[in-house]
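Comments concern the structure below.
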Amino acid sequence: MRVLVVEDEERLADAVAHGLRLHAIAVDVAYDGQEALEMASYVDYDVVVLDRDLPGVHGDDVCRRLRAGGEGRRVLMLTAAGQLRDKVDGLALGADDYLVKPFAFAELVARVRALARRSARAAAPLLVRGGIALDPARRTVARDGRPVSLNRKEFDVLRVLLSADGELVTSGELRRSVWDEHAEPGTGALRVTITSLRKKLGLPAAIMNVPGKGYRL
């Protein structure tokens with residue numbers, strides 16, 4: 001799962017991003033509306049956590065443009081505007097959910113995960129290849145009918161590889177899809193995750209390494 005947090009109060013934005021990362025969620029941050037639109041134009045975020053009162057491009061306009069683009073990403077408005085009319089207007093703009101500041105962080109995490117599950121259902125009910133079956137909505141994996149228990153990063157890497165339908169996925173594409181912009185490419189996180197994923201999927205080996213390029217199923 002990859003989330004974009006859009007919030008002009010930098011301390012709050014960074015705190016929200018840090019808290020979500022502690023729950024194994026990849027997070028990028030934008031501090032104004034224009035930056036958010038630029039980032040969303042080249043990264044397919046699962047959820048956008050969006051403040052309404054933003055400098056540059058107002059949060060309402062950001063929401064409208066995201067919806068006009070037709071992408072499957074979900075929008076959670078996170079704002080101090082908590083009157084009933086504010087909530088109605090926000091949802092009418094195309095937001096999928098609305099959370100008022102101040103908020104309980106556990107509730108934010110639960111809502112983000114719920115929206116990501118809805119996004120997954122819309123994108124792909126079931127991904128199957130070579131005896132591997134992945135259900136994005138239920139977050140379950142099986143190989144030849146045998147349940148396979150994966151952590152969040154392993155699951156997300158496998159989902160990206162299955163979605164490619166046998167085509168090569170570069171290491172950069174995998175990192176951008178599963179880790180956020182602060183992940184260090186040199187840490188070997190992707191390599192470690194692939195190694196663990198191969199072990200859990202068992203034999204015959206399902207993931208092929210293309211040296212210097214990436215991976216494919």
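Worth pointing out:
- In the stretch 176-183, the count of residues that are surrounded by fewer than 17 Cβ atoms within 10 Å (Cβ to Cβ) and more than 23 Å from Arg117 (Cα to Cα) is one or more.
- Enumeration of residues in the stretch 148-168 that are open to solvent by 70 Å² or more (accessible area, probe 1.4 Å) and modelled with pLDDT of 90 or more: Ser149
- Within the stretch 126-207, helices (runs of 4 or more DSSP H) holding 3 or more residues that are small (Gly, Ala, Ser): 171-178
- Boolean, Leu203 is open to solvent by 30 Å² or more (accessible area, probe 1.4 Å), at pLDDT 85 or above and either of a type in the set (A, V, I, L, M, F, W, C) or more than 25 Å from Asp135 (Cβ to Cβ) (or both): yes
- Counting only strands (runs of 3 or more DSSP E) that sit completely within the stretch 3-110, those holding 3 or more residues that are in contact (Cβ under 8 Å) with a residue 24 or more places away in the chain and within 24 Å of Arg175 (Cβ to Cβ) correspond to 26-30, 47-50.
- Cβ-Cβ distances below 9 Å connect the following pairs, each with a first residue in the stretch 139-164 that is among the small types (Gly, Ala, Ser), a second residue that is open to solvent by 10 Å² or more (accessible area, probe 1.4 Å) and assigned to a helix (DSSP H, G or I), and a separation of six or more residues or different chains: Ser149/Lys200; Ser163/Ala123; Ala164/Glu173.
The values are calculated or read from the model by the stated rules, or taken from the named source; none is laboratory data. Just so it is clear, the structure is predicted and the values come from calculations on it, not from any experiment. All Cβ positions, even for glycine, are placed from backbone atoms using ideal geometry, and neighbour counts span all protein chains on display. The area values use the complete protein model at the heavy-atom level, side chains included, leaving out ligands, DNA and RNA. Shrake-Rupley method; radii C 1.70, N 1.55, O 1.52, S 1.80 Å.
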